[in-house]
Every structure is written in structure tokens, then in C-alpha cells.
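A quick write-up on the structure given underneath.
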Amino acid sequence: MMVWMGDPARSPNSQQASPDESAAVDVVEAIAPNGRPQLSPLPAPEETWTCDVAVIGGSLGGVAAAAHAMQAGATTCLIELTPWLGGQISAQGVSAIDESLAMRRLENYSPTWANFKRLIAEQPIDLPDWAAQPDLTTVADVNSCWVGKLCFPPRAGAIASQALLETAAQQAPESRWGTAIAFKGATFDESGQTLTAIHAVRRTPRNPNYLPAGRFSRELAQWYSWSADDTFTKTPLRLEPPPGQRMLVIDATDTGELVGWAGLPHRLGSESRATTQEVHAGDFDNPDCTQAFTYPFVVALHNDGGTSLATLRQVEPEYSREEHRSRFDISGIPLLAGRSFFNYRRIVSTTRNDPFAATPAPGDMTAVNWNPGNDWSWMNPPLILTEEELDASGQRQNWMGGLSAIALRHGEDHALLFAEWLLENHATPEFPFAYLAGANSPMGTESGLSLVPYIREGRRILAQPAYDQAEFMMLEPDIRNDMPGGRDFSPTKVTFTHYPVDFHGCKYRNGEPTGEASSAPTLEANIRPIEIPLESLIPQGVDNVLVGGKGFAVSHIVNAATRIHYGEWNVGAAAGAIAAYLTQPTTPNTPAEVIPSGSMPALQTYLTEQGLRLDW
């Protein structure tokens, strides 16, 4: 009985949890006798899903994890906060696949990643009449960009993700997944070592024509709240294993929500040379200093009579327009022709002309994700709450996302003002620009911004002892071919990736020192194939949890090379396939038992059979 509990894209604006929820934290002890947080309130579930494998987060990694677990026959459950599956390629608006130049040349991708890209390219897309495209136009018909070989409207990424799960679920028909579902917390056994249930809340719009605001800062609390309101009804959910069995759980959220809520050992922000011994690490540890986050948006070559510019001029930022605009810059690259700003992430090319040489045509659209543009790097305040801030906020008892709504709002303002600046300063009568927003826009939001920001870096776990580290973490020498000290992870590798060390660094508004690893960026020629060992996916302190996204055990520097589409997909795919492997009756019970039991060669063979690639 395969069920999709999806939500079409739609818009809210409350920011506060209900008074009842806030007050309830005092009703029970904050920490259970097993040392784990206790939720309060914890409404009785209206639905219970039974899962061999449970995936928290329908990110790109989460979709890969669920698909690989299901195709291997494991009954799998997946919950996703936003209305769209796919994370980077959909709800976060980064629908332009960015891969290493060497891998593009060699085409040495895993079979499942290559198949998924083909699935995206086959998706039909709806374009406005002014784009002058025929009915039944597909992604492949309008694909022409130079950041990579595949750029597309974000909605196509969401639809392809849904189609992928539907196909995979044919091998595990009791699987279930849903969008518009917020993670709220978990229950552990008496030891605190085994997660026995996941708690979540699904929101259903009362208005069938609901449109997401595309201002996540305003929607954050409403999306996470247990309480129904004028916009949504709410349904509490419980995900649990079959009776008498154990469930494998995968945290595939972009910020490490389960890791943060449960207090699993992790790092946040930048590390110092003293902490990691990395040559290019910063001068001091700074949990504020995660990479910049970004709200992408779409601009089209289209004359809308100035309507979208007039709307953008109504934005009232907390910081002045002048302060925002002081950071905008597209100099050093052509605006339109050839290897240009517009062609870089062009998601619709009405003529499919050469993105390296030609000028875009009327009706073309580009997704804007630009470092000196809509990147928000100011840590005033930082985006992701620290352990201390989570404790003080009561979010361990009533999880509300673990993010700063103020930081989100600044990022939204910055993106909208960059769009305004582009339209004011770079549109011409010959090449007019329109900012696309509304129900039929590529981002599917009222504001025209992505549903949620592209988050490059969240909480990164500290793994169990391995490779001569008491708390294992992949470090800078492990990925560089021009540094001594790199370790050989081939005995326990479960996947690999490749990309340059690419930082979108952090800053403070007034220029204070940041602790950023500002000298770490390097070209891909200096990066060896990045082997990712099993140990890096296994958190400390829990028996049945894997990481299936950006938050596996890497340093701040290494994250800058592993966070891209292919890296996230492969980590998720490996986590999902490993979880399915562990549900089999003759395999080890937990991820941590695989290596001591001598099962690593069998697992590596199994991963290859499941469509992963372990070798360069």
C-alpha cells in the first residue's frame, strides 16, 4: 500500500508557537532518565507509520536514501518539511547540477545518479505563453547552461524526485512518504542508545489555492507548530518499527535536525588549526561561522512593463538598501553573452543556443545563486542555533527547526534587494528583465524566492573512533593530493565524490574576526577522489542512526568539497542502501557492528549491486 502524503505548493504567516505549546515545557522533566530530551507537548498520534527504515528530510540526500532503501526491499518512511521533495534541486532552488570538471569529462558517476539525471531531463515543464514553447516541452528541450550539463526549473526536480520514489517503492509497497511534514523529536529506549519512534506533524492547507509565501522566516514557526490555525490543520504522526524489530533512522536534513535535537556529538561552524591540525583552518573555533546561505530566485528576459520591479521596490529591509547594495557585484563577467552571468545557471533556453558563446533569447530564464549577490554571509545573528541556544529556547522539548528567523529574514531581504538591483541597473530596452514570482513561477512562491534557503553547511557529526582519531572526522589532508598526511579510507569506503574546496565564507557586519578558513579554497586539480568511509556516517551515542546528507563527519573545510549535488546524493544513497542491508536477517544488527564483524567486503559488494560506485 504505497502512499504519498504530499501537499501541493501554497502560504502562511504566523511566527509563534501557540501559548499552550510554550507553557507545556514546564509540565514534564526536560530530560528523560535515559539522558535524551522529552517532548512536551506530545500529542497522541493520529497516524502511525511502520518502517524498517525512516528518513528524516526529503533533501537530495534524503530522496537518494529512501529510493535506495526501497529498491532493496526495505519498507521505508520519509518525511519532508517543505511542499517539494528534492532539497537542493527543488525547494532550495539550486536546480543547476554542479559537478567536478573531471567527473563531467570521465562520466564516472554512479549508475543511480546518472539514471536520476536522465529522469529529470525527461520531465515535462509548464512555461508561460511569452516563452513561446510548444506543449509537452521537457527539461531536455530547454536545457542549456554552463555551470554544468543539466539545468532545469525547480519544480521539475520535485516531480522527478516523486517519480523516483514511486518507482523504487514497487520493491517495497508498504512504504510511505510525505511532504509538508515537520520533524518534532524522537523517543529512545531505556538506554538512550536506540531510537524507537520519530514524532512529526503534517500540515494541510485549509485553502486549496494556498501559496507558500516564500518568506520562510515568517513561515518557520507555523510549519513546525503542533497547533492548527487559520491556515493549516495539523496531524500528529508517529513513525515506528514493526513489532519486535529495530528501525534504522537516517538524518538527511540539511542542518542535522535529529543530531541537534538529540544532542548527538557534532561540530558547528569553523574549526581552528588547534582543533583539527588542518593547515588552512582558521585561528579560532567559531560555531557562528557556517558557510553563507542563499535564497535563489529566477529572472527572465521578458518585458513585464515594470510590474516586478515595482513590487521589489516595496521591500522594507531592516538594514538599509545602501548597506545591502554595497555588497552586490557582477563585474568581471559578461552580463548576457557567452560565458555570462545569465547563461551560468540558465534553467530555460528557448533556443538551446550555446551557453559558452551565444546571447540568451527572449523568454530565457536564469536561476540566480550568486556569491556577491544573494549569498547571506553575515552572522548577525548566525543561522543555526548552538547547543546552548537550543537549551535556552526550549526547542529540545518542542522542536521548531533550530534556526534563527531573524537570520532568515535578513537573507530574504538581501536576495530581494539583489533582484531589485539587477532590474534597476542591468536591464535595458533591448534586454528587459522580469523577476518571476507567484503561483506559476519557477520557485512556486508568492515572493519568488525559493521555498527555503540553500543551506551549504549545518551540524556535522563527530563519529566514533576510527583511523587513529578518538572522534573520527574527515580532514583537509584526506582530500588533498598536494599535502602529506592523507589517510587511505579504501578498506571501509562506501561511496566517493570529487569537487574543489569552494567556500562561501562567513562575515560579521562590522568586520570582526570570524575564524573562517579563508585560505582553504583550492582548485579541483589539488583534490584527489574523495573516498567516504562507513565510519563517517555513524554518529556517536546511538545504535541505529546514520547520516544521509551534508552532516556526515567532515571538517568545515572538507564540507566545502562534499556539499555539492553529487556528494550529497552519494552519501544519502549509501546511507539508504546500508540501512536496507542491515534489515536483512543474516547481517549485523547495527551500523557500528559491520566492520568488527568482518562484513565490510560483503557490504561493499552489496552497495555496488545497488547501483553505487565506489571507485574513481
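Some notes on this structure:
- If both residues of a DSSP beta bridge must be in the chain, then about 65% of such bridges are antiparallel.
- In straight-distance terms, cross-link reach from Lys117 covers every one of the lysines whose alpha-carbon lies under 19 Å from its own, apart from those fewer than eight places away in the same chain; here that gives Lys149.
- Rg and Dmax over the alpha-carbon atoms of region 390-515 stand at 21.4, 63 Å.
- Residue-wise HN-Hα coupling along region 235-250, computed from phi with Karplus coefficients 6.51, -1.76, 1.60 (Hz; x: Gly, Pro): 10, x, 10, 10, 10, 8, x, x, x, x, 10, 10, 9, 8, 10, 10
- Across region 516-532, computed HN-Hα scalar couplings (Karplus, 6.51 cos²θ - 1.76 cosθ + 1.60, θ = phi - 60°) run 5, 7, 5, 9, 7, x, 7, 6, 5, 4, 8, 10, 7, x, 8, 7, 10 Hz from first to last residue, x flagging Gly and Pro.
- Computed over region 177-282, the alpha-carbon pair-distance distribution with 5 angstrom bins reads 2, 9, 16, 17, 15, 13, 10, 9, 5, 3, 1, each value a whole percent.
- Relative contact order of region 150-294, taken over Cα pairs closer than 8 Å and 6 or more residues apart, is 16 percent.
- Beta bridges by DSSP in region 44-193, antiparallel share as percent, to the nearest 5: 20 percent
- Residues whose placed amide H lies under 5 Å from that of Lys184, excluding near-sequence neighbours: His199, Ala200, Val201
- Nonlocal amide H pairs with Ile250, under 5 Å, H built at 1.01 Å: Ala54, Val55, Ile56, Leu546
- Computed over region 458-616, Cα set: Rg, Dmax in Å: 16.1, 59
- Other-chain or far-sequence residues with amide H under 5 Å of Ile347's (modelled H): Met365, Thr366, Ala367
- Structure-derived log10 I(q)/I(0) by the Debye sum over Cα atoms at q = 0.05, 0.11 Å⁻¹: which label, when the choices are (1) -0.23, -1.09; (2) -0.19, -1.03; (3) -0.41, -1.11: (2)
- Accessible-area composition of region 389-443, carbon plus sulfur, in percent [1.4 Å probe]: 52 percent
- Each peptide among 148-157, 451-460, 503-512 gets the average number of other Cβ atoms lying within 10 Å of its residues, and from highest to lowest they stand as 451-460, 148-157, 503-512.
- Taking the three principal axes of the alpha carbon atoms in region 500-546, the coordinate ranges are 44, 31, 12 Å, sorted in descending order.
- Structure-based [θ]222 nm, the chain - -39500 (n - 2.57) summed over DSSP H runs of at least 4, per residue, nearest 500: -7000 deg cm²/dmol
- Protection-proxy order for peptides 355-363, 391-399, each taking the mean of Cβ atoms within 10 Å per residue, highest first: 391-399, 355-363
- Mean projected area of the Cα convex hull of region 280-406, taken over all directions, amounts to 11.8 nm².
- Highest average packing first - 560-570, 588-598, 341-351, Cβ atoms within 10 Å: 560-570, 341-351, 588-598
The values are calculated or read from the model by the stated rules, or taken from the named source; none is laboratory data. Quick caveat: nothing in here was measured; it's all calculated off a predicted structure. Note that each Cβ is placed from the backbone with ideal geometry, even for glycine, and that neighbours are counted across all protein chains shown. Surface areas here come from the heavy atoms of the whole protein model, side chains and all, with no ligands, DNA or RNA. Shrake-Rupley method; radii C 1.70, N 1.55, O 1.52, S 1.80 Å.
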